[in-house]
1. Only residues that are among the aliphatic types (A, V, I, L, M), open to solvent by less than 70 Å² (accessible area, probe 1.4 Å) and modelled with pLDDT of 95 or more: list them for the range 1-28, please.
2. Name the single residue that is modelled with the lowest pLDDT among those in the range 37-54 being open to solvent by less than 100 Å² (accessible area, probe 1.4 Å) and of a type in the set (A, V, I, L, M, F, W, C).
3. Looking at the range 39-55, which of its residues are free of Cβ contacts under 8 Å to residues at least 12 places away in the same chain, in a strand (DSSP E or B) and not β-branched (Val, Ile, Thr)?
4. Taking the range 56-66 as the region of interest, how many residues are open to solvent by less than 90 Å² (accessible area, probe 1.4 Å) and assigned to a strand (DSSP E or B)?
Amino acid sequence: MKSVDQTKKPTHTVYTVSGEGDNAIWNKVGVAWTHKDQKGLNQSINLLGLETKLVVRENKDEQERA
């Protein structure tokens, strides 16, 4: 099942953030694409020289899990 078309431009940018408020340092580490069903993201991350892919999905309530 293909849940995302990664030939399109990413819909989100992924950052690591160090610090708080005005002193925070944001470092871009990847990009993400919204799933077609709008309930999750596929992420491509390059952090500390390691490239990995992550999938984030919206939590289901108890009734949907049963």
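The values are calculated or read from the model by the stated rules, or taken from the named source; none is laboratory data. Values in this document were obtained by computation on a predicted structure and should not be read as measured data. Here the Cβ is made from the backbone with ideal geometry for all residues, glycine too, and neighbour counts use every protein chain on show. Side chains included, ligands, DNA and RNA excluded: accessible areas come from the protein's heavy atoms. Shrake-Rupley method; radii C 1.70, N 1.55, O 1.52, S 1.80 Å.
1. Residues satisfying the conditions are VAL14, ALA24.
2. Per the criteria, the residue is LEU47.
3. LEU50, GLU51, LYS53
4. Final tally of qualifying residues: 1.
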